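Below: the structure, in structure tokens.
The values are calculated or read from the model by the stated rules, or taken from the named source; none is laboratory data. Quick caveat, the model's predicted, so the values are computed rather than measured. Glycine gets a Cβ as well: all are built from the backbone with ideal geometry, and neighbour counts include every protein chain shown. For the accessible areas, the whole protein counts, side chains as well, though only heavy atoms, and no ligand, DNA or RNA atoms are used. Shrake-Rupley method; radii C 1.70, N 1.55, O 1.52, S 1.80 Å.
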Amino acid sequence: MALVETLYCKICTFPVDFCDYNKKATKCKAWLEENHPAKYQELYSNKENEDVDEKTKKVEESLKKMELRQEKKDKKELEDQQNSKIIIKTIERTKRKRSIEIQGLEVFPLNLKKLSKKFSNKFATGCSIVDNKLVLQGDLADDIEIFINQLLKEEAGLDDIKVEKVVAKRKKTEEELAAEAAAAIANGTSTAKYVKGDENKKA
Amino acid sequence: MFKKLTKQDIKGESQLKSSFSRNLKQELIAKYPSITADELEEVIPKKKPLSLVKCEDRLSLYTCDNQILFAQFYTDEYIPHLKFVHKFSRGCFKSLQVDKGAIKFILGGSDIMCPGITSKGGILPSDDVKVNDLVFVYAEGKESALCVGKLKMSGEDIKNQNKGIAVEVIHYLGDGLWNMKI
Ligand SMILES: [Zn+2]
């Protein structure tokens, strides 16, 4: 015996006889009529002539309504996604340590919890969720940007989502300023003299 | 059970040895005696290696040529992907049929209630299908299987009691496993 050939719908991915139960049924039918007219005839033509009973009619009506509602919802979601912007913020924690904060992921069909796990695995770092924002330890803004773009394209088929990178500088402490100045003097890159408070007193 | 499965669940992929593929085919033929070795060879060719895709929550996916063939929780039995099921005729599987009205609910992620099977459009499972067996669910007026589940009541009980959950749905058209691309 040979294998069964099943025709799958390009629009909804279901076997074509299940298109009716999909939220994109109207588009499915148009696709089938154009690409597989024989199958379309078989599935839909005699149905229109046939006397359909009340129950089937009701089911069909409710399916139509569901389809419309879904279409509206999809449209709005897509608009929201295209208008939104992901912000990757680099925060200086100490002189050398940085963490990054990713904002604006919640409008996309991504699971933050899973994403956080994925990040910590992939980048071998700590990642946590704080008020719908992902916080990662480490200076990873560039890597994350590439990864997020790729992810959105693969998972949601979205291209050209705006990703903005910002850097939040930490205020330097007195000691660091002093150390910096001292280093500058030692290197001869600065002629300015900076005397630490203590040394001032001694003098 | 695969409602929330997404690509983000994937932890890693590894290639399986050809001996695994050989054993798997033997197991399948033992389990589904109506499937012939030639048919199976067409779906899982010797030349194409099988891959194991490990996911969160101890889920393993077995793939061939970027198509998912089976899913497996822990070391439980292999749950065939519906695309795999669709390749074989209905007679190869332990099956039952639901009426038209039940389709909508199944594709929405519900389990199958007895009345969906006992009504005019439904067909009860045959007697050799036991409780907790994997069953393949077809629908009135449709060719392809629409879900795979576990039988929770014997055919006799479904007929006589006619209420409650008859089949616990594991995998259905449009769920996370169906939509997963490897
Ligand atoms: Zn379709």
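How large is the dipole of the range A:16-81 about the Cα centre if only Lys and Arg carry +1 and Asp and Glu carry -1, each at its Cβ, rounded to the nearest 20 debye?
340
Calculate the length of the line joining the C-alpha centroid of the range A:6-25 to that of the range A:131-166, in whole Å.
33
Summarise the partner chain shielding of B:100-106 as one whole number: the mean count of Cβ atoms from other chains within 10 Å of each residue's Cβ.
3
With every protein chain kept in place and ligands, DNA and RNA left out, what is the accessible area per residue of the range A:56-149? Probe 1.4 Å, answer in Å². Numbers along the way, then the final one.
Details: 5950 Å² over 94 residues.
Normalised by residue count, the accessible surface of the range A:56-149 is 63 Å².
How big a patch of accessible area, both sides summed and in Å² to the nearest 100, lies buried between A and B at a 1.4 Å probe? All intermediate terms of the calculation are to be shown ahead of the outcome.
Working: alone 15380 and 10090 Å², together 22980 Å².
Protein heavy atoms only, the A-B interface buries about 2500 Å².
Sequence-distant or interchain residues sharing an amide H contact under 5 Å with A:LYS165, placed H: which?
A:ILE88
B:THR6's amide H: which non-local residues (gap 5+, or another chain) put their own amide H closer than 5 Å, with H modeled 1.01 Å from N in plane and none for Pro or chain starts?
none
Please report Rg over Rh for chain A, where both radii come from the alpha carbon positions and Rh follows the Kirkwood definition.
1.31
Using a 1.4 Å probe over the heavy atoms of the protein chains, calculate the carbon and sulfur portion of the accessible area of the range B:7-87 as a whole percent.
Numbers: 2060 of 4380 Å².
Ligands and nucleic acids excluded, carbon and sulfur reach 47 percent.
Can you give me the relative contact order of the range A:1-110 as a percent, contacts being Cα pairs under 8 Å and 6 or more apart?
Computed value for the range A:1-110: 16 percent relative contact order.
To the nearest µm²/s, what D does Stokes-Einstein give for the range B:90-176 at 4 °C and 1.567 mPa s, using the Kirkwood radius over alpha carbon pairs as Rh? Please list the in-between numbers first.
On the way: Rh = 12.4 Å.
My calculation gives 105 µm²/s for D.
Give the ranking of B:HIS171, A:HIS36 by solvent-accessible surface, highest area first, calculated with a 1.4 Å probe.
Output order, biggest surface exposure first: A:HIS36, B:HIS171.
Anyone know which of A:GLU61, A:GLU92, A:GLU176 comes out most mobile in the 10 Å Cα GNM of chain A?
Comparing A:GLU61, A:GLU92, A:GLU176 in a Gaussian network model of chain A, the most mobile one is A:GLU176.
With every protein chain present, what is the per residue accessible area of chain B (1.4 Å probe, Å²)?
That works out to 49 Å² per residue.
Take the alpha-carbon centre of the range B:41-117, take the same for the range B:133-182, and report the distance between them in whole Å.
Cα centres, the range B:41-117 to the range B:133-182: 11 Å.
Can you compute the charge dipole magnitude of the protein assembly as shown about its Cα centre, using +1 on each Lys and Arg Cβ and -1 on each Asp and Glu Cβ, nothing else charged? Give it in debye, rounded to the nearest 20.
1600
How big is the antiparallel share of DSSP beta bridges in chain A, given as a percent to the nearest 5?
Once the DSSP bridges in chain A are tallied, antiparallel ones form about 70 percent.
Set Lys and Arg Cβ to +1 and Asp and Glu Cβ to -1, take the dipole of chain B about its Cα centre, and tell me which of B:LEU96, B:GLY164, B:GLY108 lies farthest positive.
B:GLY108
Tabulate in residue order the Karplus-calculated ³J(HN,Hα) for the range B:173-180, using 6.51 cos²θ - 1.76 cosθ + 1.60 with θ = phi - 60°, rounded to whole Hz; enter x for Gly and Pro.
4, x, 7, x, 5, 4, 7, 5
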